[in-house]
Every structure is written in structure tokens, then in C-alpha cells.
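The values are calculated or read from the model by the stated rules, or taken from the named source; none is laboratory data. Everything numeric in this text was worked out from a predicted model, so none of it was measured. Cβ sites come from the backbone with ideal geometry, for glycine too, and all protein chains shown count toward neighbours.
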Ligand SMILES: Cc1cc2nc3c(=O)[nH]c(=O)nc-3n(C[C@H](O)[C@H](O)[C@H](O)COP(=O)(O)OP(=O)(O)OC[C@H]3O[C@@H](n4cnc5c(N)ncnc54)[C@H](O)[C@@H]3O)c2cc1C
């Protein structure tokens, strides 16, 4: 079980006073303090962990965010920024003595500039909301996490989220131009803008993926891209994980970089097919979804070449989508994968390590062995082109020992990822979930260096403390971490 | 050949002696930004060699002192390339007789024409090792293509010009090099019309990977464009050969401009290498050189506004990168600052005599709250202030 730092007695003791002070800074309905209304904020996508916060602030402007942060700073109150709360690593999990700053009311699209191919949006705009705002002109915002209907751009920035199409289009970090941030002092700072290269240090890059620990993001300037003429997917089914892995290698080696190259193992195929009826091959041990883009002739040519490559690996079946509807159905299965697994097992942990792709067969074999020895089922879904694994570990939440085993199994998988040259998290972030595994990947002095960079932004450790870094003893006792 | 440990030892000595170090690879970029006052020089040039190249995993890892041409050659042998198309600016920055290094191009985050579509150097740095000013070797990122574990110090160190750490190893994402390249050349458009054409091309579904506008005299400096005449708007497609043909054809129809011509793969590669290396820039021996980064539609305005100050230049990145050369004096620099600021963009003083680059803001000064954080981050990584002091900002 994850340890949280102790509450600050001076904050808990002045609770009434602090809430009154905050209320004065926000619109009438902008501060939630009633226990039943706080309940929805007690957890995020990692729902095994829950903690009701002191209060939830719902600012509507950057200036209100600044006022709230300045006040919290002056009063030593911890702050947990929150977007849609879909984090799978507990990034938005509150502490008992913290104020959650929820960004959902800052949901306006401020500017769309087609000639310069960028848009300025508030942090609470959903990921899909950006694409929806520009799609009538054939544009889109490229990173497409499966949670894109709900998750917000401010959350995407802070998690550096990926998606199924980042093999071609990159992750969030590669699709940003600028940010408006508020520091814990209440200062408002503009980073970058509508131009491509900022001069000086890459604060945009450092803030991206900083998990709410450095500043609150209130506005984001994103790149928008013109969509391709068309896109089409194909399915290739293979007799083993090894063979499918070899096919992935062969595809990348051919010089073709598909826009998406997704891998599912047998349990994942079955779960998703039962959910989406996409015509997934139930006889296969492993399946690839491969998508290409371009004109109809370009799609035909690339899919022909990809089919020829797959043919060399004795596929059980190859199916090229014949229509946009078929492509959509293929993706519906993949994008609904978490929900689909949720139907077989209401409780599951979604892991998120990355490995060198050459290690795929070895890692999948080891995961299967672990699954057998823990007695817990696992389904593997995987961004194959970039080595980002999503093993879904199924457990029974009514049985505490089952959850405990699932956590240990997950930790073993992530340690394995690091052991074979990979990392703990490819796109879901460290949060609280992987915090105590950070020592597996980093030396103590490397973590200390990162802590000191956090301290440069937030000397008193008020912004989302107790995330990402293993707790040091003073912090566990509720004191700021010594730099 | 030197080792990473010997770099660590040199830094540790300097920390102990409180003696600043000038950090460089082969020193090909020492003329950029502000001059550094340091008693000793620490070069990574001796720390050279490719440590890992896994073409199927799209990953290459090499010591910081590895000559960039060596890396490019290794990639080319496997049909791959550096995505950001980093330039070789030796014709502007002076030839040292030595090639630029991987560490140098990473520490300066310099990208070429492909940046407009495929991202900068910083977008493809997947891992770094560096010796900090605390005399510690730290790692960030790794050797995989997706990694959000901890703060992204790869991005912080990339483009930090050796002021936060001595980069010792860099791991890059690479991609298959395109089969073919084609260029659509539109003659006769002025800067504003050219930039509008580039915007339309970049906003088309055809995957444009290069978009530049050259005034007449700049175009005349590019051998591959000799004899066409007039200002030229250049649009590049890189893909499989049939796709290049098809896409260039569609773009050509879209503009339906008389006199449009297309360049084949060989011609295109030579022209874009020249654009990448700023060959179209007519920088006199005594001129200063700036790169201004603005929203693309503002590029022509910056170029035109500064003509009165005696500068010449051209546009890359669809108008968003303004290359400028002009008198190396504070008045001209102030004009460049004003034009960049008015357009909401930023400038980098790429080349100037020490007297000028020591006296002006070579990049924009940060707003006070950001500058405070900058000083704190610098203190966190280089508490003694021994790494390239003053390279980016005076007194830092
Ligand atoms: C079904 C499902 C599918 C998913 N699929 C993907 C996927 O394909 N790819 C992927 O990468 N992730 C995926 N995720 C994870 C999650 O959706 C992403 O991490 C997402 O970016 C979180 O956005 P959010 O708005 O929900 O942020 P939250 O969960 O509310 O917060 C995430 C983190 O960001 C911080 N934060 C949020 N907003 C701000 C702000 N404005 N300023 C400062 N800090 C802030 C929070 O403190 C927290 O640390 C999935 C999650 C679910 C539940």
C-alpha cells in the first residue's frame, strides 16, 4: 500500500480559516468543501487509492489560479492540480490536507490560427475537444490517448501523454508550442508562443511531463496538423508472440513507418472482440493492427508491401480493411481495450513500461511465467513500434490479497522492463503508483538532482508533493523536503 | 581518446578550485551567443564513438565527441537519417578544420528545414548522460522511444549550451531516410505571397517537409537554383518515389502558377542541404548573423522591417525562421530585437564580434519570475557556476 505524507497539523488546525480565505478568491460556486461533493475528487483512474481532500477549488481564470496558489503558498497549503482525473498512476490523488485545483471550468478554445497551424486553448479543454474544434477544416491535434474523450490538455501536458498514432506524430511534448503557467508564488509566466524554437532553456520541455509538480498550466498553445487524404488499417494474425514480434522488426526494417503499429496477445484479442465485434482473429496468439495514410493509391501500395512482409511470417490471416467503417471497427476494439478487459474482470491494473522492441518475445514470455506463478490473468496490449507495453493485470478487489499480488506482479513487470534496457513508464507517468520503484531506474543522486529542480520551482514542496519521488523521511513526516 | 570518468575528474577539479570551464566539443560553435571567460577549456572531442546502433529499434547512442558526419554515415549505411536534419554552419561560424560533434549539436539544439514538419533535435533526444556542475554523472531518459519516467532532463540539457551539464552521451531516435525527394519551385512571389503559399502547402494533406522562401539574391547563391531567377518559394516532399511524384503533382495543380518547376531527388538534396546550412545568406565577413523564430505568417514582416537597418535574409520553416545578416552594431541588434518582439517571437545572435555579443542580450531576457527560476535551476545543477558561465545570460 502506498504511504502518504502525514497531514500538516497547522493546516488541519486552521482549516476553517483557510477555506474562508480561499472562498473569497473564487466565484460563488468555485470552492467545494461539503464531504459528499468532495467524494468524486478522492481518486483518479487509479481507483484503488482514495483520499478526500480539504477542498476543491474550481477557478475560471488564470488570475484566480494565481490568487489561489499565492494564498496556498502563504498558508503552507499543499495543492494537487487536476484535469479530468483519468491518470492511471494516481497523479491526481489528493492528500488529506491538500486543496485540489480542478481545471474543468477553464474549458475555452481561445484562438485557432490555420495559416500558422496552431491553437491556443485553456487547460481544461478535452483532448478530443481540440480536434473537434478544427476538424471542419480538415485539421486535428495529433496525440490521441485512448482516454481522449475525457482527458484534458492540461493533464496531457503534465503527463506527456501518448496515443496510438505517436509512432508517426510524436507524443504531447512534440506537439506543443507554448504554455501559460502559474507558479506557486502566484506569478503568471508565458513560455514559448506560436513560434517553433524558443531561445534559452527549454522550459516547455521540462514542464511537459512534470506531473503537476512545477506549476499549474492554464493555457496551452498546440500545433494543429492537416489530416492525411485518407487512412486505412489492416489486421495481421500470427501463431505466436515471437512471430508477431519478428514481423514488427521486419516492418520497421523495410523503411515503412506506419502511423500506428499496435500489438495484442490472445487474451486481449478475445476481450476486445467480445466487446467491439471487429472481426478480430480468435484463433491467433498475437495480432497486429497496422495503419497507413495517404491517397487511396498510396494506401494500396503500402498495404500491399506490408501484406507481403507479413506473408513471410506465416500469418494465420491477413485482413485489409475495405472501408472507413471497417477501419473504425478495428480501432474501436483497440481503443476500447481497457473497457473490454473491464468486462471480463471488473478490476485490473494497467501497467505502462517501455522496452527495446527486440526484447518483446522475451518480455512477453516472462510476463506469462509471472502470470502463472502469481495466479493472475494478464492481457497484453502494446504500442509495438515504440516498445510501449500495456499489460492489464486482472484481480479481484474484494480480495485484498489479490490486489496486493497484482501490485507485486505489476512491480515485477516494470523491474523487468528496466532490466532489459527500458523504463518504468512510457506514457502514464510515475504518480504515486511507480514512485517507490524510481530507485530501480535511477541512482539516489539522480533522483536528488531532479528533486532540486523541483525545489527551484517550488521551494516549499507544496505542488503535488509525494508524487514521482520516493518519500524522504522528513517529507513522510509532513515537512518540506530538504534540498 | 578520453573517458567519461576523466571528464568527471576535470569537472570535480574545477569545482574544487572554483575555476570556470569553457565547455566545448570541437569548438565549431564557440562564436555563437556570448563569449565565455574561463581559465580552462574542457573538450569532449576525445570522448568519441558509437555505443549502440539498433536500426530496427530506430535508436542510436554515441559519445558526445563523436563527429556528426560519422553518425550520419553510419545511419546512411542502414538507410536511416537524423530526423531534425541538423545544419553544418561552418560557412557562417568559421571553419575550424574539424567537424561538429553530436554533443555540440545537441547542446545547441540546432535543427534544419525538416524541423517544420518533424520536430527539432530536442524532440528526438531519447536519452542523455551528463556531468553536472556538482561533479556527478546523471542520466535522463534512456534507449527506448517512449519514456516519461521522472523530469525530462533530456530536454533541459538539450539547447542549454553546456551551462547545466557537460553532455557525455546522447541517444537519438532516428528514422528511415526517404527513398526520394522532390521540390516544387514557385518563382516570382514576394515574401508575403511566398509565405502564404508555404502555409497552404504545410496545411495540405501532402506531408510537406521543407518550406522556404528565398529573395532573388539569396536564391542566386544556391547553385542548384542557378538560372531560375527571381525570388523563389521552395516546397519539399520526402517519401517513396511514387508518392513524391503524386504529391508534388497535386501541389503543383493546387497553385497552378505559371513557371512552377520541379526538382528531382539529386537536385532537391543539394538545394535543401544549402538551405539547411544557411548558404543563401549573404553574410559579409564583418556582418553579424541572427536567427529569429516567429509565427510563420510574421516572417515576411520581420524581414521587410529590418531591410531599413541594412540586413539581408531569407525564410525557412514556412516563414517561421528568419535568417538575417547585417551590420554588427548595437543599433542593428536593437532593431532585430524590436522586430522579433513585435512579432511575438525570439532572436538568437548567432555570430558577432566579442564586443557586440558580450554587450547585448544574445537571446531575449526572461521575465523576472522566470529569470528567478532560471537562476535557481542553474544553482541546482551547477552550484559553483563553473560550466560555461555567461554563455546564455550575463552573470549566469
Ligand atoms: C481508459 C483510459 C485510457 C487511457 N489511455 C491513455 C493513452 O492511450 N495514452 C496515455 O498517455 N494515457 C492514457 N490514459 C491516462 C490518462 O488519460 C492521461 O494521463 C491523461 O493525460 C490525464 O489527463 P487528465 O486531464 O485526466 O489529468 P489528471 O488525471 O487529472 O491529472 C494528471 C496529472 O497532471 C496534473 N495536472 C492535470 N492538469 C494540470 C494542470 N492544468 N496543470 C498542472 N498539472 C496538472 C495532475 O496533478 C496529475 O499529476 C488513459 C486513462 C484511462 C482511464
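Annotations
- Residues that are crowded, with 24+ Cβ neighbours inside 10 Å and under 26 Å from the mean Cα position of the chain (by Cα) within the stretch A:281-310 comprise A:286, A:287, A:288, A:289, A:290, A:291, A:292, listed in sequence order.
- Selection status of residue A:134, buried (at least 23 other Cβ atoms within 10 Å of the Cβ), assigned to a helix (DSSP H, G or I) and either modelled with pLDDT of 95 or more or more than 9 Å from the ligand (Cβ to nearest atom) (or both): no
- Count of residues meeting criterion [assigned to a helix (DSSP H, G or I) and more than 27 Å from residue A:25 (Cα to Cα)] in the stretch A:157-192: 9
- Filtered by the rule that a residue be within 27 Å of residue A:114 (Cα to Cα) and without any contact (Cβ under 8 Å) to a residue 12 or more places away in the chain, the stretch A:201-231 gives a lone residue, A:202.
- Unique match (being within 14 Å of chain B (Cβ to nearest Cβ) and either within 16 Å of the ligand (Cβ to nearest atom) or within 18 Å of the chain's Cα centre (by Cα) (or both)) among A:433, A:419, A:446: A:433
- Meets criteria (over 19 Å from residue A:263 (Cβ atoms), more than 14 Å from every other protein chain (Cβ to nearest Cβ), at pLDDT 95 or above and away from the ligand (no atom under 16 Å from the Cβ)) for residue A:396: no
- Failed item in (1) closer than 17 Å to residue B:23 by Cα; (2) surrounded by fewer than 24 Cβ atoms within 10 Å (Cβ to Cβ), with residue B:92 passing the rest: (1)
- Boolean, residue A:187 is facing another protein chain (nearest Cβ under 10 Å), in contact with a helix residue (DSSP H, G or I) (Cβ under 8 Å, 6 or more places away or on another chain) and touching a residue at least 40 places away in the same chain (Cβ under 8 Å): yes
- Screening residue A:410 on (1) within 13 Å of chain B (Cβ to nearest Cβ); (2) touching a strand residue (DSSP E or B) at 6+ places or on another chain (Cβ under 9 Å); (3) at pLDDT 95 or above shows it passes everything except condition (1).
- Complete set of residues in the stretch B:51-65 that are in a loop (DSSP other than H, G, I, E, B) and modelled with pLDDT under 95: none
- Complete set of residues in the stretch A:137-156 that are assigned to a helix (DSSP H, G or I), within 12 Å of another protein chain (Cβ to nearest Cβ) and surrounded by 17 or more Cβ atoms within 10 Å (Cβ to Cβ): A:156
- Residues being more than 20 Å from residue A:467 (Cα to Cα) and within 12 Å of the ligand (Cβ to nearest atom) - total across the stretch A:41-91: 3
- Scanning the stretch A:145-192 for residues that are on the phi > 0 side of the Ramachandran plot and away from the ligand (no atom under 13 Å from the Cβ) gives A:186, A:192.
- Of all residues in the stretch A:304-343, those being within 16 Å of the ligand (Cβ to nearest atom) and farther than 11 Å from residue A:233 by Cα number 12.
- Residues that are at the interface with another protein chain (Cβ under 10 Å from one of its Cβ atoms) and within 30 Å of residue B:226 (Cβ to Cβ) number at least 3 in none of the strands (runs of 3 or more DSSP E) confined to the stretch B:83-197.
- For first residues located in the stretch A:344-363 and under 12 Å from residue A:241 (Cβ atoms), partners that are assigned to a helix (DSSP H, G or I) and within 15 Å of the ligand (Cβ to nearest atom) and lie 6+ apart or on another chain with Cβ distances below 9 Å form the pairs A:360/A:384.
- When A:426, A:387, A:375 are checked against the criterion of being within 14 Å of the ligand (Cβ to nearest atom) and in contact (Cβ under 8 Å) with a residue 12 or more places away in the chain, A:426 stands alone in meeting it.
- Within the stretch B:66-89, if we keep just the residues that are out of contact with any helix residue (DSSP H, G or I) (no Cβ under 9 Å at 6 or more places or on another chain) and under 24 Å from residue B:168 (Cβ atoms), the residue that is surrounded by the fewest Cβ atoms within 10 Å (Cβ to Cβ) turns out to be B:73.
- Set side by side, the residues A:251, A:257 differ, and just one is over 24 Å from residue A:104 (Cβ atoms), more than 9 Å from every other protein chain (Cβ to nearest Cβ) and away from the ligand (no atom under 16 Å from the Cβ), which is A:251.
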